[in-house]
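Data block below; observations after.
Each reported figure results from applying straightforward, stated rules to the coordinates on display, with no laboratory input. Given the structure is predicted, the values throughout are model-derived calculations rather than measurements. Note that each Cβ is placed from the backbone with ideal geometry, even for glycine, and that neighbours are counted across all protein chains shown.
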Amino acid sequence: MAGSWNGVNRPRRLKGFDYGSSALYFVTLITCKGACVLWDWRSVLAAISRQNTGEPILSECGLAAQHFIGQIEHHYAGIKVEELAILPNHVHMLIRFGVTAPSGRLIAAQTDLPTVIQQMKQAMTKHLGVPVWARTYVDRIVRSAKEAQALADYIRSNPRNWTNDDLCPEIKNDREYEWLTILKE
């Protein structure tokens, strides 16, 4: 994975690729400093203690992320968010540029991926009054239907497997006070 999650380094983009062209992208956004602010703290603790019994409860930030990401396809013709998973400190999504209309005609996106992500982050920051996202994000151009299916499966299962994820904060044990400290960062 190119770049750094703390937003200091910008991930490398594929040289010469038009990020507004019809394609499916796998995008990962991470919160500032990897803070676990997208789930309610009780859901984070349940995941850590392996007592995850259902869908996580989203925090105010998580609900805002769900709303603003959900608005992408309403604000941009030719763009559709096909899969979305909101984790405590990051978001995974599959976002398609170039959508087929019911008539069978391809509706091309009128903007590019960096603009869509930047504007969604800005709208969410304005709404909440505080920045939530790291400055940068990671994207991957999906190259086959098989890869798209594997990524969709990964996104759907990721909330249940978050504690095994590279983006799960590392601590020595699962004591509640340590997690509350991480959540307040």
Checklist line | Residues whose placed amide H lies under 5 Å from that of E82, excluding near-sequence neighbours | finding: L94, I95, R96
Note to self: Using the basic label-point model (7 angstrom from Cα toward the beta carbon), what is the Q118 to H67 distance in nanometres?
What the structure shows: 2.5 nm
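Need the full-extension length gain, A150 to I57, defined as separation in residues times 0.36 nm minus the C-alpha distance. One decimal, nm.
Difference between extended and current length: 30.9 nm.
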Check: Is there a pair in K121/K146; K33/K146; K33/K126 whose C-alpha atoms are over 21 Å apart, and which pairs would that be?
Finding: K121/K146; K33/K146
Check: Could you give the length gained on full extension between N161 and R42, defined as 0.36 nm per residue of separation minus the Cα-Cα distance, in nm?
Finding: 41.2 nm
Notebook entry, point to check: Of E60, E147, how do they rank once you tally other Cβ atoms within 10 Å and put the fewest first?
Noted result: E60, E147
